[in-house]
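*Asks:* First the structure, which I've put down as structure tokens, then a few questions once you've had a look.
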Amino acid sequence: MDIASTLLTASTATPVTAQLRGKVLLVTIDNPPVNALGVDVRRGLVEAIEAAEANPAVAAVLLAGAGRNFIGGADIREFGQTPLPPSLPEVCNRVEACRKPVIAAIHGAALGGGLEVALAAHYRLAVASAKLGLPEVQLGLLPGAGGTQRAPRLIGVKAALELMLSGRHVGAKEALSLGLIDRLGGSDDTLAEGLAYAQELLLEGAPVRRTRDATAALADRDASRAALEAARAETGKKSRGLFSPLKIVEAVEATLQQPFDAGLALERQLFLQCMASPQRAGLIHAFFAEREVLKAPETKAAKPRPIGSVGVVGGGTMGAGIAVAVLEAGLPVTMIERDDASLARGRAHVEKVYDGLMAKGRLTREAKAALLERFAGSTSYDSLAAVDLVIEAVFEEMGVKQAVFAELDRVCKPGAVLATNTSYLDINAIGASISRPADVVGLHFFSPANIMKLLEIVVPAKVSADVVATAFELAKKLRKVPVRAGMCDGFIGNRILAVYRQAADYLLEKGASPYQIDQAVRDFGYPMGPFQVSDLAGGDIGWATRKRRAATRDPNARYVHIADRLCERGWFGQKTGRGWYLYPEGARAGTPDPEVLAIIDEERAKAGVTPRTFTDEEIMRRYLAAMINEGANVVREGIALRPLDVDVTLVHGYGFPRYRGGPMKYADMVGLPKVLADIREFAQEDPLFWTPSPLLVDLVERGRDFDSLNHA
Ligand code: 3H9
């Protein structure tokens, strides 16, 4: 007889099934893709525990996940909808209250609510593939199913806070040493390991052991209090603008002051506050958007070509950063430079990155040597004859790029992917200059290329789908966040940047200081303001772009000369000791420069502008409206597939605060009618710059938002 059907009354479609294995009731959660704790799983778990208690043949319960994970967490897709009972805290309490021992057998992800279910069990075993964590903070939340109360009782306040505030995943070994689990499975057969452990516990007569009653990890109250205060101070400093980290500290504090149930009640209250915060909406949007960007038409339609080796042409900062990213992905790299001296410099750039990591204690000498073993340099393109993919990162000029591609066309094997790292040049023209345009794609890395997560995959007209799919596959290997971009000047990111940068320049001319603008932008959540970024990147870069665009600039468009006046003086920013800010003696943090303010005043006078004051709020309204409006244009023209691609680009390449979701999500939260009204108000002074995007107008007229286009 099918024992499960005698134990459970749920329908056959239930994602939770139970089977008696000897005296152990094996409860399996099977809810692909990650066994998230949706309402049916929650119901199924409660029913399984109740069935186990009611059945005299059951002596213990073993919880396990089907597929690749134990449980990936609460079902994030349910957030924001009407909650259906039982709630996850109730499920965890029911598991913990079970009068028969409950054992969790963990493989793959046991994250968030998934780990909280395991913490509510009485014993925990994990196999080597397990990754355990409480990553709620990354979604703007706190562990809300008892995690803030149970984790400290098991592993102490300090370790629990570190887990919850970082959101990091720990492996099975570390989990064992922390006390998060009781047993490390010797093999990767989770079921066999779990069942054996359950049998062992039964033989020993192991009791029901509830985490809520654990006291040892909290025994040293002084140490716990000190850890809590240290975390509070650190969090206050580090998590600038974030809402949930301090709530986590507050919830954990209850473990020192209140009984378990009161602590749970406080956790619930704080969790609901986090749920209601716009940061939760922004971060969850970012979570899904980062996964949606992987789904480009080409990745669905074509299979990637194999990539076993990579060539990089150019050993400047960008080429070297790309080489480091590729080496770290475990692939061999061949760097091409025009002569030995340039090649030596290229290699030195690569080594410098590793030396920096060594100095910080994040890389050993041996690991550096092992990485460099995969690095080869050459002054001959012939060395690229066998590589699967080449990334060109030479000087940003069409003639220079085409000369490189002519060489690649000559030496590379058929089927090799030929990528350019250009930031704005026409990739169609690069492809058209060689015999195999279908192999040519844009891979736009951001500096420093080994650190910045964004990779724009630029799709020229003639590229074949499998080349684009290969670019996405490379991004995955490099652990980058890829965004598909169409061809236009600046692609997605730099094109939008040019417009909101211009909005900042207009603000400057009208009366705001660069220091006020930077401060307002930082207060919004950016790590740096636009003028600081310019000083860091080098003012000469923007200057070169402005000169390049001068010929095609609309003669009716306003042009602000202030930045040019600084560049004419050789004030390019940090590298020259002054730019928008002063950097005395190589200081990295700039100080305001009265001479810059005098230059700005002069330019305002020349332009006939009577300066006015701006509030920080007005500054941000203009800055963001410009960004959103151009974002809408980029979507309308198909340069970005969906608004969420704009969001991911600006979050991962341009410092837009992730907790606000991205500019398009932010616009939805503010309300598109409000954004459009702002643009129309600003247009009264400058109708050309503030031309509302037809897409924005259309959405407002139809009462829709940007998000409606994400699911089209
Ligand atoms: C929580 O638990 C709150 C509680 O404390 C309190 C509640 C009261 N829900 O990442 P992948 C989807 S908060 C729904 O590519 P991988 C994902 O969108 C939660 N869906 O796979 C994707 O869908 P699609 C705390 C989810 O193998 C598919 O699954 N937990 C969830 O590279 C595959 O995802 C977390 O924050 C979810 N919870 O990595 C963990 N998770 O195929 C979040 C994933 O349609 N998840 N999906 O694009 C992860 O970190 C990774 O997904 C995981 C698997 C490591 C599990």
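The values are calculated or read from the model by the stated rules, or taken from the named source; none is laboratory data. Fair warning: this is a prediction, and the values are worked out from it, not measured in the lab. All Cβ positions, glycine included, derive from the backbone under ideal geometry; neighbour counts span all protein chains shown. For the accessible areas, the whole protein counts, side chains as well, though only heavy atoms, and no ligand, DNA or RNA atoms are used. Shrake-Rupley method; radii C 1.70, N 1.55, O 1.52, S 1.80 Å.
*Asks:* Of these, Gly308, Gly282, which one is surrounded by fewer than 16 Cβ atoms within 10 Å (Cβ to Cβ) and either more than 30 Å from Arg153 (Cα to Cα) or within 13 Å of the ligand (Cβ to nearest atom) (or both)? Step through it out loud before you land on a result.
*Replies:* Details: Gly282 fails: surrounded by fewer than 16 Cβ atoms within 10 Å (Cβ to Cβ).
Criteria check complete, one pass: Gly308.
*Asks:* Of the residues that sit in the stretch 103-115 and are within 8 Å of the ligand (Cβ to nearest atom) and more than 13 Å from Cys92 (Cβ to Cβ), which one is most open to solvent (accessible area, probe 1.4 Å)? Lay out the reasoning, then the answer.
*Replies:* Of the stretch 103-115, the ones within 8 Å of the ligand (Cβ to nearest atom) are 108-109, 111-114.
This time we only want the ones that are more than 13 Å from Cys92 (Cβ to Cβ), so: 108-109, 111.
Working: Gly108: 6, Ala109: 8, Leu111: 23 Å².
Selected residue: Leu111.
*Asks:* While we're looking at this one, here's another question. Here is a check on your reading of the model: is Asp75 within 30 Å of the chain's Cα centre (by Cα) and more than 24 Å from Thr148 (Cα to Cα)? Step through it out loud before you land on a result.
*Replies:* Details: within 30 Å of the chain's Cα centre (by Cα): yes; more than 24 Å from Thr148 (Cα to Cα): no.
Criteria not met by Asp75.
*Asks:* Among the listed residues Leu88, Leu45, Leu63, which satisfies the condition of being within 15 Å of the ligand (Cβ to nearest atom), modelled with pLDDT of 95 or more and open to solvent by less than 10 Å² (accessible area, probe 1.4 Å)? Break it down into steps so the answer makes sense when it comes.
*Replies:* On the way: Leu88 fails: open to solvent by less than 10 Å² (accessible area, probe 1.4 Å); Leu63 fails: within 15 Å of the ligand (Cβ to nearest atom).
None of the others qualify; the one that does is Leu45.
*Asks:* While we're here: Conditions first: (1) at positive phi; (2) out of contact with any helix residue (DSSP H, G or I) (no Cβ under 8 Å at 6 or more places or on another chain). Gly577 passes all but one, so which condition is the exception?
*Replies:* Among (1) at positive phi; (2) out of contact with any helix residue (DSSP H, G or I) (no Cβ under 8 Å at 6 or more places or on another chain), the lone unmet condition for Gly577 is (2).
*Asks:* So, one more: Which numbered condition in (1) touching a strand residue (DSSP E or B) at 6+ places or on another chain (Cβ under 9 Å); (2) in a loop (DSSP other than H, G, I, E, B); (3) under 30 Å from Leu294 (Cα atoms); (4) not aromatic (Phe, Trp, Tyr) is the only one that Gly638 fails?
*Replies:* Only one criterion in (1) touching a strand residue (DSSP E or B) at 6+ places or on another chain (Cβ under 9 Å); (2) in a loop (DSSP other than H, G, I, E, B); (3) under 30 Å from Leu294 (Cα atoms); (4) not aromatic (Phe, Trp, Tyr) is unmet by Gly638, namely (1).
*Asks:* Follow-up. Working carefully through the options Arg212, Arg221, Arg225, find the one that is of a type in the set (D, E, K, R) and within 20 Å of Gly133 (Cα to Cα).
*Replies:* Numbers: Arg221 fails: within 20 Å of Gly133 (Cα to Cα); Arg225 fails: within 20 Å of Gly133 (Cα to Cα).
Unique residue meeting the criteria: Arg212.
*Asks:* With the requirement that a residue be closer than 21 Å to Ala320 by Cβ and open to solvent by 10 Å² or more (accessible area, probe 1.4 Å), what does the stretch 448-474 give you?
*Replies:* Pro448, Asn450, Ile451, Met452, Lys453
*Asks:* Please verify whether the stretch 488-499 includes one or more residues that are in contact with a strand residue (DSSP E or B) (Cβ under 6 Å, 6 or more places away or on another chain) and not hydroxyl-bearing (Ser, Thr, Tyr).
*Replies:* At the first step, the residues of the stretch 488-499 found to be in contact with a strand residue (DSSP E or B) (Cβ under 6 Å, 6 or more places away or on another chain) are 491-492.
In the following step, the residues that additionally are not hydroxyl-bearing (Ser, Thr, Tyr) were identified as 491-492.
The answer is yes; a qualifying residue exists.
*Asks:* Applying the selection to the stretch 574-627, what residues are of a type in the set (Val, Ile, Thr) and more than 16 Å from Pro514 (Cα to Cα)? Even if it seems obvious, please write down each step before you answer.
*Replies:* Keep residues of the stretch 574-627 that are of a type in the set (Val, Ile, Thr), which gives 576, 591, 596, 599-600, 609-610, 613, 615, 619.
The answer is Thr576, Val609, Thr610.
*Asks:* Next question, about the same structure. Could you tell me which residue of the stretch 207-216 is surrounded by the fewest Cβ atoms within 10 Å (Cβ to Cβ), considering only residues that are in a helix (DSSP H, G or I) and modelled with pLDDT of 95 or more? Steps first, answer last, please.
*Replies:* Within the stretch 207-216, the first condition is being in a helix (DSSP H, G or I), and the residues that meet it are 211-213, 216.
Remaining after also requiring modelled with pLDDT of 95 or more: 211-213.
Working: Thr211: 22, Arg212: 18, Asp213: 10.
Within the stretch 207-216, the match that is surrounded by the fewest Cβ atoms within 10 Å (Cβ to Cβ) is Asp213.
*Asks:* Count, please, the residues in the stretch 653-674 that happen to be open to solvent by less than 10 Å² (accessible area, probe 1.4 Å) and in a helix (DSSP H, G or I).
*Replies:* Restricting attention to the stretch 653-674, the residues satisfying the condition of being open to solvent by less than 10 Å² (accessible area, probe 1.4 Å) are 656-657, 661-664, 667, 672.
Then keep just the ones that are in a helix (DSSP H, G or I); that gives 663-664, 667, 672.
Residues flagged as open to solvent by less than 10 Å² (accessible area, probe 1.4 Å) and in a helix (DSSP H, G or I) within the stretch 653-674 amount to 4.
*Asks:* Could you tell me which of the residues Ser693, Ser708 is open to solvent by less than 20 Å² (accessible area, probe 1.4 Å), of a type in the set (Ser, Thr, Tyr) and in contact with a helix residue (DSSP H, G or I) (Cβ under 9 Å, 6 or more places away or on another chain)?
*Replies:* Values: Ser708 fails: open to solvent by less than 20 Å² (accessible area, probe 1.4 Å).
From the options Ser693, Ser708, the qualifying one is Ser693.
*Asks:* Spot the failing condition for Arg77; the list is (1) near the ligand (Cβ under 10 Å from one of its atoms); (2) touching a helix residue (DSSP H, G or I) at 6+ places or on another chain (Cβ under 8 Å), and only one is missed.
*Replies:* Only one criterion is unmet by Arg77, namely (2).
*Asks:* Being at pLDDT 95 or above, under 27 Å from Phe287 (Cβ atoms) and assigned to a helix (DSSP H, G or I) narrows it down to one of Leu597, Leu650, so name that one.
*Replies:* Numbers: Leu597 fails: under 27 Å from Phe287 (Cβ atoms).
When all the criteria are applied, what remains is Leu650.
*Asks:* Here is a further query. Specify the residue that is farthest from Ser277 (Cα to Cα); the eligible residues are those in the stretch 219-242 that are open to solvent by less than 40 Å² (accessible area, probe 1.4 Å) and modelled with pLDDT under 95. First the steps, then the outcome.
*Replies:* Going residue by residue through the stretch 219-242, those that are open to solvent by less than 40 Å² (accessible area, probe 1.4 Å) are 224, 227-228, 231, 235, 239.
Retained after the next criterion (residues that are modelled with pLDDT under 95): 235, 239.
Numbers: Thr235: 18, Ser239: 16 Å.
Only one residue tops the list, namely Thr235.
*Asks:* While we're here: Please state which one of Pro56, Pro33, Pro15 is crowded, with 19+ Cβ neighbours inside 10 Å and either at pLDDT 95 or above or within 16 Å of the ligand (Cβ to nearest atom) (or both).
*Replies:* Numbers: Pro56 fails: crowded, with 19+ Cβ neighbours inside 10 Å; Pro33 fails: crowded, with 19+ Cβ neighbours inside 10 Å.
None of the other options fit; the residue is Pro15.
*Asks:* Any residue at all in the stretch 139-158 that is open to solvent by 20 Å² or more (accessible area, probe 1.4 Å), closer than 23 Å to Leu283 by Cβ and among the basic types (Lys, Arg)?
*Replies:* no
*Asks:* Next question, about the same structure. Does the stretch 340-352 include one or more residues that are part of a helix (DSSP H, G or I), open to solvent by less than 30 Å² (accessible area, probe 1.4 Å) and closer than 19 Å to Pro448 by Cβ?
*Replies:* Taking every residue of the stretch 340-352 in turn, at least one turns out to be part of a helix (DSSP H, G or I), open to solvent by less than 30 Å² (accessible area, probe 1.4 Å) and closer than 19 Å to Pro448 by Cβ.
*Asks:* Sticking with this one: Provide a single number: the residues in the stretch 627-670 that are out of contact with any Phe, Trp or Tyr (no Cβ under 8 Å at 6 or more places or on another chain), among the β-branched types (Val, Ile, Thr) and within 13 Å of Gly490 (Cβ to Cβ).
*Replies:* Going through the stretch 627-670 one residue at a time, the tally reaches 3.
*Asks:* Is it the case that the stretch 116-129 has a residue that's open to solvent by less than 20 Å² (accessible area, probe 1.4 Å) and within 9 Å of the ligand (Cβ to nearest atom)?
*Replies:* First, the residues of the stretch 116-129 that are open to solvent by less than 20 Å² (accessible area, probe 1.4 Å): 116-127.
Next, from what is left, pick out any that are within 9 Å of the ligand (Cβ to nearest atom): 116.
Yes: the stretch 116-129 contains one or more residues that are open to solvent by less than 20 Å² (accessible area, probe 1.4 Å) and within 9 Å of the ligand (Cβ to nearest atom).
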